[in-house]
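Everything on this sheet refers to the single structure shown next.
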Amino acid sequence: MKILFLHGWQSLPGGVKPSYLARHGHQVLTPALDDHDFTAAVATAQAVFDRERPDVIVGSSRGGAVAMNLDSGEVPQVLLCPAWKRWGSATTVGAATRVLHSRDDDVIPFADSEELVRRSRLSPSVLVEVGNDHRLADPEPLQAMLRACEALVGR
C-alpha cells in the first residue's frame, strides 16, 4: 500500500511512525512540510498527493490539519491527534477517516477529536483512544495506526 505520511510541527519526515509503516512493507511518502507557512505545507503535500496518488493519508498533529485541508477526494485518512483547531480551515472529515488520540495528550486536547467526529457526523467508533501521550510512538498506537490504514484500504 502507498501511504502519504504528513509529519507534525517541528518533526522530521523519517520519524518513528513512518518508519514503522515502512518496516511493515508499505511504501511511505514523507514530504518535508514547511513548519512556518501552513499554506506552503499544504501545497507541498498536495503536490505529492497529486503526483503519487496514495492509497491512504496519515497525518500526525499539524500533519493531520494538513491532511484535512488537502483536495484528496475519497482517499482514506488516519489522523493522529489532529491539530485542526490550530491550523487550516477544514472543520470536518470524510467517512473514510479514523482518528487516533490519547486522552492523556498534553498538546492537543482529546476533546478536539471528539468535536471533530461530532462535526463530521461520524460514528463515535471512528475515534480510537490509544497511547499515553501526544507522540503516539509506543507499540500500541503504532499497531493501531497500521491496523487503521490496512482496514481503510481493505488489506
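Throughout, read-outs are computed from the coordinates displayed, never taken from laboratory work. Bear in mind the structure is a predicted one, so any value in this text is a computation, not a measurement. Using ideal geometry, Cβ is built from the backbone for each residue, glycine included, and neighbour counts are taken over all protein chains shown.
Quick notes on this structure:
- Here the 3J(HN,Hα) profile of region 14-27, calculated from phi with Karplus coefficients 6.51, -1.76 and 1.60 at θ = phi - 60°, is x, x, 4, 5, x, 5, 4, 4, 5, 4, 9, x, 9, 7 Hz, Gly and Pro shown as x.
- Extension gain from Glu114 to Ser89, taking 0.36 nm per residue of separation minus the Cα-Cα distance: 7.2 nm
- Whole-Hz couplings from phi, Karplus 6.51/-1.76/1.60, listed for region 129-139; x for Gly and Pro: 7, 8, x, 10, 6, 5, 5, 6, 10, 8, x
- For region 36-49, 3J(HN,Hα) computed residue by residue from phi via the Karplus equation (6.51, -1.76, 1.60; θ = phi - 60°) reads 9, 10, 4, 4, 5, 4, 5, 4, 4, 5, 5, 4, 5, 4 Hz, glycine and proline entered as x.
- FRET E, pair Gln46, Glu129, Förster distance 35 Å, beta-carbon r, rounded to 0.05: 0.70
- Among Ile57, Ile3, a tally of other beta-carbon atoms within 10 Å of each Cβ gives an order, fewest to most, of Ile3, Ile57.
- Contour minus Cα-Cα distance for Arg147 and Ala22 (0.36 nm per residue): 43.6 nm
- Database remark: amide H of Val99 closer than 5 angstrom to the amide H of Leu79, Leu127, Val128 (H placed geometrically; neighbours at sequence offset of 5 or more, or on other chains; Pro and chain starts carry no H).
- In a fully extended conformation the segment linking Asp71 and Ala96 would gain 7.6 nm over its present Cα-Cα distance, using 0.36 nm per residue.
- Cut-off under 5 Å, modelled amide H: who pairs with Val58 long-range: Leu4, Phe5, Leu6, Val78
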